[in-house]
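This report concerns only the one structure given below.
The values are calculated or read from the model by the stated rules, or taken from the named source; none is laboratory data. Keep in mind the model is a prediction, meaning the values are calculated, not measured. Note: ideal-geometry Cβ built from the backbone for every residue, glycine included; neighbour counts use all protein chains shown. With ligands, DNA and RNA removed, areas are computed over all heavy atoms of the protein, side chains included. Shrake-Rupley method; radii C 1.70, N 1.55, O 1.52, S 1.80 Å.
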Amino acid sequence: MVVQFQFSPRGGALGALLLLLLPVFLPTLFSPLGHASPSMYSGLDVMTKSTFQEWNVPKSKHLRLLKSALQRQTSEGELSDLWTPLANESWKPCAESSIAPSLPENSEGFIQVFLDGGLNQQRMGICDAVAVAKILNATLVIPYLEVNPVWRDSSSFMDIFDVDHFINVLKDDIRIVKELPSDFSWSTREYYATAIRATRVKTAPVHASANWYLENVLPLVQSYGIAAIAPFSHRLTFDNLPMDIQRLRCKVNFQALEFVPHIRALGDALVSRLRYPSSKSGGASSNYLQEMPNVNDKQGAGKFVVLHLRFDKDMAAHSACDFGGGKAEKLALAKYRQVIWQGRVLNSQFTDEELRSQGRCPLTPEEIGLLLAALGFDNNTRLYLASHKVYGGEARIATLRKVFPLMEDKKSLASSEERAQIKGKASLLAAVDYYVSMHSDIFISASPGNMHNALVGHRTYENLKTIRPSMPLLGQLFLNKTLSWSEFQQSVVKGHENRQGQIRIRKPKQSIYTYPAPDCMCQA
């Protein structure tokens with residue numbers, strides 16, 4: 001049943017305001033472990049969709065640059081430089097510990113962790129859980145993935161990752177079980193959600209040290225035979241850990257975490273269709289993962305860029321920036337921001353110009369298109385969009401599509417039958433995008449975030465080209481409305497010479513999952 005709201009001209013403003021305030025009065029139930037109720041987000045979805053029905057197509061904010069970008073020409077030499085792989089910087093993957101893996105004869109007990117967030121946040125949590133199990137000499141229970149409150153995805157570890165591969169790769173490092181033995185079957189999420197339990201650890205500080213776990217968690221494990229840690233995101237430090245623990249985290253991230261076979265098969269199919277566009281027929285085919293061209297035929301293979309837009313409504317609202325959608329967009333984002341963060345958006349104290357000049361506004365699809373064009377990518381570049389939902393939908397993507405007409409995504413490359421196993425599953429959709437991103441010639445993310453950080457780190461580990469936009473530079477360039485195309489292009493190229501995947505040594509407090517050198521890499 002579809003309910004349509006119609007407003008008279010006189011009552012339109014009041015009616016729209018009431019509709020936007022509707023989610024405030026919806027029940028905001030919270031699960032016992034503290035997650036927002038899906039009903040709250042459902043109401044916000046209604047609010048957002050209703051607002052977009054009032055939209056006109058967003059106007060270009062950079063029309064002069066856009067016209068020049070559409071008329072751009074790139075020389076063969078420039079294109080060759082763009083697609084040239086990264087030079088070898090004398091670093092190589094080094095995830096295996098120099099100390100031979102060994103397991104003490106007896107385990108102290110079981111460790112459970114409950115992980116929230118999206119795919120990449122869960123991925124980091126899994127790596128940390130393995131490290132904590134090693135520190136405590138405990139047996140790790142396959143981590144429990146909480147239902148994502150925004151995307152309402154209930155995918156489990158085994159739905160996303162190849163659990164047998166995970167256990168086999170780490171069998172000499174820690175003990176892992178798929179489920180608890182019957183003596184501990186009472187230790188479930190529901191058990192910890194209904195009351196305070198002696199075996200639940202809920203006070204783990206952010207970036208806790210190894211000693212904290214030895215002093216606060218190990219006694220519980222020794223007393224009860226089990227400890228459950230929730231919440232667990234970002235609960236292990238990146239500094240002052242033994243090298244064998246750091247290397248173990250690297251081994252989990254880059255070797256043990258492999259997607260389930262059907263995700264890899266679909267990813268391979270999409271990569272093949274991007275490299276061999278003449279064979280593309282996935283969108284119209286009813287066959288599941290039809291026969292693909294010979295992917296080892298390097299001579300006939302084309303190149304492609306993966307672009308992660310990361311321009312969803314949460315990102316747009318939290319940034320407090322103006323994206324040119326007019327009064328309707330401003331009102332929708334303001335109300336959404338108030339409902340979700342109750343006004344706790346510190347950026348809102350700055351003007352749009354101040355936020356942009358500081359690089360604190362996510363790039364719109366139009367702006368990321370202008371960046372790619374200025375870097376030298378022409379209109380024959382094959383672009384794959386790795387994004388869940390773009391705020392504003394196709395209306396907002398249309399400008400980017402004009403600049404790069406050979407733009408693809410999961411829907412355009414794969415048939416409905418091929419997508420059936422991942423439909424409505426945000427984590428599996430993200431897993432496919434992650435897999436395709438790791439097999440692309442170049443990866444670029446429009447704004448920093450968990451997927452950006454995970455892929456920057458993984459591609460650094462594999463020495464793959466990854467363009468990191470200079471947000472402050474681009475913000476200042478886009479504010480200058482008198483800039484010519486040649487001036488814009490020259491500034492963009494110069495500003496991104498050393499932002500294409502070159503090794504950056506991790507600094508204290510920085511994540512080894514974003515900066516794998518020197519913890520996960522060795523100088524050859």
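Things to note:
- Within the shell defined by Cβ-Cβ distances under 13 Å, the residues around Asp164 carry a net charge of 0, with Lys and Arg each +1 and Asp and Glu each -1.
- Karplus-derived 3J(HN,Hα), 6.51/-1.76/1.60, for each residue of the range 377-385, Hz, glycine and proline x: 5, 9, 7, 9, 5, 8, 10, 10, 7
- Computed FRET value (nearest 0.05) for Glu78 with Thr351, which takes r as the C-beta separation and R₀ as 35 Å: 0.45
- Between Thr188 and Asp244, the FRET efficiency from the beta-carbon distance, with R0 = 35 Å, is close to 0.60.
- Each label was represented as a point 7 Å from its Cα along the Cα-to-Cβ direction; for Asn380 and Gln358 these points are 4.4 nm apart.
- The apolar share of the surface of the range 110-256, taken as the fraction of accessible area on carbon and sulfur atoms (1.4 Å probe, ligands and nucleic acids excluded), comes to 50 percent.
- Surface listing: Glu354, Glu329 arranged by accessible area from highest to lowest gives Glu354, Glu329, probe 1.4 Å.
- Sequence-distant lysines (8 or more away, or on other chains) whose Cα lies within less than 27 Å of Lys134: Lys92, Lys171, Lys178, Lys202, Lys251, Lys507, Lys509
- Exposure of Val130 as accessible area (Å², to 10), given a probe of 1.4 Å and all protein chains: 0
- log10 of Debye I(q)/I(0), alpha-carbon scatterers only, for the range 383-464 at 0.11, 0.12, 0.19, 0.27 Å⁻¹: -0.32, -0.39, -0.98, -1.45
- Hull volume in cubic angstrom per residue (convex hull over the Cα atoms of the range 110-256): 111
- Working note: Karplus 6.51/-1.76/1.60 with θ = phi - 60° gives the range 508-524 the couplings x, 6, 7, 7, 6, 7, 9, 10, x, 9, x, 5, 9, 9, 10, 6, 5 Hz, where Gly and Pro are set to x.
- Taking amide H as placed 1.01 Å from N in the peptide plane, Thr139 has its amide H under 5 Å from the amide H of Glu108, Gly109, Phe110, Ile111, each at least 5 places away in sequence or on another chain.
- The Rg/Rh ratio of the range 230-275, with Rg taken over Cα atoms and Rh as the Kirkwood radius over Cα pairs, comes to 1.21.
- Pairwise label distance in nanometres, Ala395 with Asn106, each label 7 Å out on the Cα-Cβ vector: 6.7
- Protein-only accessible surface order, largest first, of Ser185, Ser412, Ser440 at 1.4 Å: Ser185, Ser412, Ser440
- Length gained when the stretch Lys330-Gln421 is fully extended (0.36 nm per residue, less Cα-Cα span): 29.1 nm
- Residue-level accessible surface for Arg360, protein heavy atoms, 1.4 Å, Å²: 90
- FRET efficiency for Ile99 and Lys507, using Cβ-Cβ distance with R0 set to 30 Å, rounded to 0.05: 0.75
- Farthest towards the positive end of the charge dipole of the range 443-524, among the residues Gln489, Gly457, Phe443, is the Cα of Gly457, using unit charges on the Cβ of Lys, Arg, Asp and Glu.
- Taking amide H as placed 1.01 Å from N in the peptide plane, the amide H of Thr188 sits under 5 Å from none that are at least 5 places away or on another chain.
- Among Asp128, Asp164, Asp322, the sequence by solvent-accessible area, most first, with a 1.4 Å probe is Asp164, Asp322, Asp128.
- Relative contact order (%) - the range 86-148, alpha-carbon pairs under 8 angstrom, separation at least six: 41
- Accessible surface of Met438, taken over heavy atoms with a 1.4 Å probe and every protein chain present, rounds to 30 Å².
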